[in-house]
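S.K.: Quick one: the structure is below, and I'll ask about it shortly.
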Amino acid sequence: MQKEQAIEMMKAFSDANSTSGFEEEFVKLFTETVKDLADVEVDGMLNAYAAKKENKPGRPVIQMDAHSDSVGFITQAVRPSGMIKFVPLGGWVKYNIPALRVRVRNRDGEYIPGVVATKPPHFMTQAERNTLPEVADMSIDVGSSSREETINDYKIDTGCPIFVDVKCEYNDKNGLFFGKDFDDRFGAGAMVAILDELKGEETNFNVVGALSSQEEVGLRGAYVTTRKIKPDLGIVLESCPADDTFTPAWLSQTGLKRGPMIRDMDTSFLPNPKFEQYVCDLADQNKIPYTRSVRTGGGQDGAAMYYENGAPTVVIGIPVRYEHSPYCFTAYEDFRNAVKLATAIIRDMTTERLAGFSKFN
Ligand SMILES: [Zn+2]
């Protein structure tokens, strides 16, 4: 895929509205983008399956995974004032929520702009200036003045999803994207770019790109995709939080323009060590930069894939600064190197190599 085409795809992917349980807009965009490269199916949970066109029955399967949802919110109830009481979907911290511009999808499917309301400083007590309210006490204002107006005129009520509203930009000077929901639109974009690289090519393994739903609320979609695909090998394409702005250099394990991050541990996952080392060796051979990471927080779909079917699974993470906040930076070159590494694994994989990952000697 040409650089310009990849940049336009990633901007569109980032701008799409998709949060856990409400992934349809992005799933639609993804399936349209990938339809000439793969046979596409979508299940009732909105998981999408993109099977490489050259797949043949009876061969072992490599499952790629990326997730379609991003952190967002859902309307819990409308307050008497007309303001919306909301509940987070996925891992938010309250520091990143106030004054956020959002779009609420109403009952008619229209997007209504709104803001996470904050009291003007003029009215704040000294104590209020120095404390942050709990999320349960925050509200979203769409400009309404009563509960009736919000429900009857704006058509917003319990269950309506709420999305972060930020437009993605690409800066050619520094090679960085700046926008929202890079977790995990960059993984999804990488999956498309990998299928594009392999277009028309015979590989030893069948390849299925699974775009799973509801990752941010507990890897739910990936359990379903893995049971369906029954992979022999897993490649998770994630967008991983960069630590290079606040961690000393000796401890920093995910940074912009340092290549994809290969995950050695997080709270959900410990990979097959032989496969993990194989991937690092392959990156060295191909002169692809990468970092390895041992994390004491976080989790990702690799856990569901690995534990559901016992297939050796690697997590290739594209570094994202300020993940799970409304504004993120990601480097084009890291995206490109993640695509190169995953493509190299698929091209290099044989049944003998695969068997070697579970042999002891
Ligand atoms: Zn993610």
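The values are calculated or read from the model by the stated rules, or taken from the named source; none is laboratory data. Keep in mind it's a predicted model, so treat the numbers as computed, not measured. Backbone-built Cβ (ideal geometry, glycine too); neighbour counts: all protein chains shown. Ligands, DNA and RNA are stripped out before the accessible areas are found, and what is left, the full protein with its side chains, is counted by its heavy atoms. Shrake-Rupley method; radii C 1.70, N 1.55, O 1.52, S 1.80 Å.
S.K.: If we sort 191-200, 152-161, 176-185 on the protection proxy, mean other Cβ atoms within 10 Å, highest first, what's the order?
M.R.: 176-185, 191-200, 152-161
S.K.: Enter the angle in degrees (range 0 to 90, nearest 10) between the Cα long axis of helix 24-34 and the first principal axis of the Cα atoms of the chain, meaning the one along which they spread out most.
M.R.: 30
S.K.: From the backbone phi of segment 151-158, what are the Karplus-calculated ³J(HN,Hα) couplings (6.51 cos²θ - 1.76 cosθ + 1.60, θ = phi - 60°) in whole Hz, Gly and Pro given as x?
M.R.: So the J values, rounded to whole Hz, are 6, 8, 8, 7, 6, 10, 7, 3.
S.K.: Would you rank Asp15, Asp243 by solvent-accessible area, highest first, keeping every protein chain in place and using a 1.4 Å probe?
M.R.: Sorted by accessible area, descending: Asp15, Asp243.
S.K.: Say the cut-off is 19 Å between C-alpha atoms; which of Lys3/Lys257; Lys35/Lys199; Lys11/Lys228; Lys173/Lys257 go over it?
M.R.: As for pairs spanning more than 19 Å Cα to Cα, those are Lys11/Lys228.
S.K.: Another question, then. Within the set of other residues whose C-beta is less than 15 Å from the C-beta of Arg227, count the net charge using Lys and Arg as +1 and Asp and Glu as -1.
M.R.: Result for the local shell: -3.
S.K.: Let me ask something else about it. May I ask you to order 166-175, 141-150, 223-232 by the average number of other C-beta atoms within 10 Å around their residues, highest value first?
M.R.: Averaged packing, sorted descending, gives the order 223-232, 141-150, 166-175.
S.K.: Compute the long axis of helix 3-15 from its Cα atoms, compare it with the longest principal axis of the Cα atoms of the chain, and write down the angle in degrees, 0 to 90, nearest 10.
M.R.: 40
S.K.: Over the alpha-carbon set of segment 72-164, work out the extent along each principal axis and list the three values in angstrom, largest first.
M.R.: Cα spread of segment 72-164 along its principal axes, largest to smallest: 42, 29, 17 Å.
S.K.: So, one more: Over the chain, what is the relative contact order in whole percent, taking alpha-carbon pairs under 8 Å and six or more residues apart?
M.R.: Relative contact order for the chain comes out at 22 percent.
S.K.: Would you mind counting up the charge near Asp36? Only other residues with Cβ under 13 Å from its Cβ, with Lys and Arg at +1 and Asp and Glu at -1.
M.R.: +1
S.K.: So which lysines can Lys274 reach, going by Cα to Cα under 18 Å and dropping same-chain residues fewer than 8 places off?
M.R.: Excluding near neighbours in sequence, the set is Lys359.
S.K.: Would you please classify the overall shape of segment 266-361 from the alpha carbon gyration tensor, given that a ≥ b ≥ c denote the square roots of the eigenvalues, rounded means a/c under 1.5, and beyond that prolate means a/b larger than b/c while oblate covers the rest?
M.R.: oblate
S.K.: OK, next. Roughly to the nearest percent, how much of the accessible area of the chain is carbon and sulfur, given a 1.4 Å probe?
M.R.: 53
S.K.: Among Asp264, Asp284, Asp39, whose mean-square fluctuation peaks in a Gaussian network model of the chain (Cα, cutoff 10 Å)?
M.R.: Highest fluctuation among the options: Asp284.
S.K.: Can you give me the solvent accessible area of Arg353 with a 1.4 Å probe, rounded to the nearest 10 Å²?
M.R.: Using a 1.4 Å probe on the heavy atoms, I get roughly 100 Å².
S.K.: Taking K and R as +1 and D and E as -1, what net charge do the other residues with C-beta under 13 Å from the C-beta of Thr330 add up to?
M.R.: Local charge sum for Thr330: -2.
S.K.: Kindly report the accessible area of the chain per residue (heavy atoms of protein chains, probe 1.4 Å, no ligands, DNA or RNA), in Å².
M.R.: On a per-residue basis, the chain sits at 43 Å².
S.K.: Let me ask another. To the nearest 10 degrees, how steep is helix 273-285 against the longest Cα principal axis of the chain, on a 0 to 90 scale?
M.R.: Rounded to the nearest ten degrees, it is 80.
S.K.: Take the Cα atoms of the chain, find their three principal axes, and give me the spread along each one in whole Å, biggest first.
M.R.: Principal-axis extents of the Cα atoms in the chain, largest first: 69, 45, 39 Å.
S.K.: Based solely on its DSSP helices, what 222 nm [θ] is calculated for the chain when runs of n ≥ 4 H residues each add -39,500 (n - 2.57) and the sum is averaged over all residues, nearest 500 deg cm²/dmol?
M.R.: -8000 deg cm²/dmol
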